[in-house]
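Everything below concerns the one structure shown next.
The values are calculated or read from the model by the stated rules, or taken from the named source; none is laboratory data. All figures in this text were calculated on a predicted structure; none of them were measured in a lab. Quick reminder, even Gly has a Cβ in these numbers, built from the backbone with ideal geometry, and neighbours come from all protein chains shown.
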Amino acid sequence: MSDVIHLLPDAIANQIAAGEVVQRPASALKELLENAVDAGATKVQVLVKDAGKTLIQVIDDGKGMSLTDARMSFERHATSKIRNSDDLFSIRTFGFRGEALASIAAVAQVEMKTRQKGEELGTLIQVEGSDVKKQEPTACPEGTCISMKNLFFNVPARRNFLKSNSVEMKHLVEEFQRVALSYPQIGFTLIQNDMELFNLSPGKLSQRIVGVFGKSYQEQLVACQEDTPHLNIKGYIGKPENSKKTRGEQYFFVNNRFIKSNYLHHAVVNAYEGLMSSDMQPFYVLFLEIDPTHIDINVHPTKTEIKFDDERTVYAVIRSAVKQALGAHNVVPTLDFSL
Ligand code: ADP
Ligand code: MG
């Protein structure tokens with residue numbers, strides 16, 4: 001008899017995990033932006049080259065990391081955000097899996113400079129395909145600057161699967177917009193190949209929406225708010241006449257996390273019944289605040305799908321909030337003369 005099972009080396013295990021966390025530049029950007037927000041940043045700058053294929057750099061003014069933490073942050077399942085399984089049910093941060101940096105560093109060349117408030121020197125660390133190439137003290141601003149270079153440099157098969165720059169850029173902008181929308185109080189900039197695409201100063205949600213989508217949205221926004229014992233809703237919906245044939249400008253945030261849900265989308269659309277034709281899609285940016293013990297966000301690594309323990313109540317509250325908002329703004333039903 002011979003034994004054939006062995007543990008995989010970390011570098012390979014990380015590369016396999018990376019398959020779930022980092023599919024494309026946009027998924028890496030999402031993780032880096034979320035880390036910046038979790039670190040309490042008030043300003044986040046993003047720089048990308050070649051749609052993130054050669055460089056994604058995220059600079060934050062958040063709390064930074066100690067020398068040991070800087071090294072630890074690249075270990076798999078290493079996190080400062082949860083400690084025990086109870087914490088899993090009361091998550092308030094974006095991250096908690098401790099997988100992102102380990103995954104990103106498994107499939108790219110990563111350089112991080114980080115300094116905690118009050119420390120004289122920060123830490124520079126370079127990791128390439130899970131190998132730590134360099135770690136030394138460095139002078140750097142407070143906060144964290146992380147650069148991800150040459151995504152999939154060591155996984156040619158995956159690099160070849162990347163789409164054209166314009167497609168990858170579209171995904172990057174989408175992730176950027178989602179995070180920017182969910183935190184209007186944080187300033188965000190996005191620069192691509194030396195061109196500034198977004199420069200969003202901290203402000204109110206309505207200002208952020210206009211910053212992200214353009215001035216024409218100013219006139220379209222209808223405030224929507226409802227507080228119930230089970231959940232609170234606030235945000236903006238678009239006027240029925242501004243709805244579009246295509247989807248893409250519909251945003252749900254649950255405890256500030258962007259989520260996708262066809263079921264809840266239907267609750268909104270249903271509230272527009274009689275106000276727009278059924279093949280149209282209304283604009284909305286809605287924030288749901290719900291006790292974290294009533295949701296499970298651990299369903300998927302990218303965490304865009306979550307489970308509610310009482311989905312039907314959430315549906316009913318959304319529908320009623322939207323209906324009320326539309327009514328309060330005297331949106332008159334369009335008359336159907338074809339009958
Ligand atoms: P997670 O966010 O799930 O904890 P990550 O791999 O994304 O896992 O990050 C690991 C840890 O590194 C975080 O828990 C956090 O302590 C630290 N970290 C990552 N990015 C930053 C940052 N921009 N500023 C401060 N700390 C950070
Ligand atoms: Mg993270």
Within the range 62-114, work out how many residues are in contact with a Gly (Cβ under 6 Å, 6 or more places away or on another chain), at pLDDT below 95 and either within 11 Å of ligand 2 (Cβ to nearest atom) or of a type in the set (D, E, K, R) (or both). 3
Could you list all residues from the range 1-36 that are in contact with a Ser or Thr (Cβ under 9 Å, 6 or more places away or on another chain) and not in a helix (DSSP H, G or I)? Pro9, Val22, Gln23
All but one of (1) loosely packed, with under 14 Cβ neighbours inside 10 Å; (2) outside any loop (DSSP other than H, G, I, E, B); (3) without any contact (Cβ under 8 Å) to a residue 60 or more places away in the chain hold for Asp279, so report the exception by its number. (2)
So which of Glu289, Glu305 is modelled with pLDDT of 90 or more, under 29 Å from Arg97 (Cβ atoms), outside any helix (DSSP H, G or I) and acidic (Asp, Glu)? Glu289
Run down Ala223, Ala267 and say which single residue is modelled with pLDDT of 95 or more and out of contact with any strand residue (DSSP E or B) (no Cβ under 9 Å at 6 or more places or on another chain). Ala267
Mind listing whichever residues of the range 22-65 are within 19 Å of Val155 (Cβ to Cβ) and among the small types (Gly, Ala, Ser)? Ala26, Ser27, Ala28, Ala51, Gly52
Unmet requirement for Asn160, which otherwise passes all of (1) in contact with a Pro (Cβ under 9 Å, 6 or more places away or on another chain); (2) farther than 21 Å from His77 by Cα; (3) polar (S, T, N, Q): (1)
Enumerate the pairs (first residue in the range 191-220 and among the aromatic types (Phe, Trp, Tyr); second residue anywhere and in a helix (DSSP H, G or I)) with beta-carbon separation below 6 Å, excluding pairs fewer than 6 apart on the same chain, so at least 6 apart or on different chains. Tyr217/Ile209; Tyr217/Val210
So which residues in the range 188-227 are under 23 Å from Gln324 (Cα atoms), charged (D, E, K, R) and either more than 20 Å from the chain's Cα centre (by Cα) or crowded, with 19+ Cβ neighbours inside 10 Å (or both)? Glu219, Glu226, Asp227
Output the residues belonging to the range 97-130 that are more than 20 Å from Ser66 (Cβ to Cβ) and either without any contact (Cβ under 8 Å) to a residue 12 or more places away in the chain or of a type outside the set (Val, Ile, Thr) (or both). Arg97, Glu99, Ser103, Ala106, Ala108, Gln109, Glu128, Gly129, Ser130
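For Arg312, are the conditions met, namely being over 26 Å from Leu33 (Cβ atoms) and among the basic types (Lys, Arg)? Quick ask: steps written out before the conclusion?
Numbers: over 26 Å from Leu33 (Cβ atoms): yes; among the basic types (Lys, Arg): yes.
Yes.
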When you scan the range 78-187 for helices (runs of 4 or more DSSP H) that lie fully inside it, which ones turn up with 1 or more residues that are on the phi > 0 side of the Ramachandran plot, crowded, with 20+ Cβ neighbours inside 10 Å and away from ligand 1 (no atom under 16 Å from the Cβ)? none
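State whether the residues of the range 237-246 include one that is of a type in the set (Gly, Ala, Ser) and on the phi < 0 side of the Ramachandran plot.
yes
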Is one or more of the residues making up the range 50-61 outside the structural domain of His294 (by TED's automatic domain parsing), within 13 Å of ligand 2 (Cβ to nearest atom) and closer than 25 Å to Ile186 by Cα? yes
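Checking the structure you have, find out if any residue of the range 37-52 is part of a loop (DSSP other than H, G, I, E, B) and either farther than 26 Å from Leu181 by Cβ or within 8 Å of ligand 1 (Cβ to nearest atom) (or both).
Yes, the range 37-52 contains a residue that is part of a loop (DSSP other than H, G, I, E, B) and either farther than 26 Å from Leu181 by Cβ or within 8 Å of ligand 1 (Cβ to nearest atom) (or both).
Yes/no per residue for (1) within 25 Å of Thr304 (Cβ to Cβ); (2) not in a strand (DSSP E or B):
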{"site": "Arg208", "(1), (2)": "yes, yes"}
{"site": "Gly211", "(1), (2)": "yes, yes"}
{"site": "Ser216", "(1), (2)": "no, yes"}
{"site": "Val222", "(1), (2)": "no, no"}
{"site": "Pro229", "(1), (2)": "no, yes"}
{"site": "Asn232", "(1), (2)": "yes, no"}
{"site": "Glu241", "(1), (2)": "no, yes"}
{"site": "Arg247", "(1), (2)": "yes, yes"}
{"site": "Tyr251", "(1), (2)": "yes, no"}
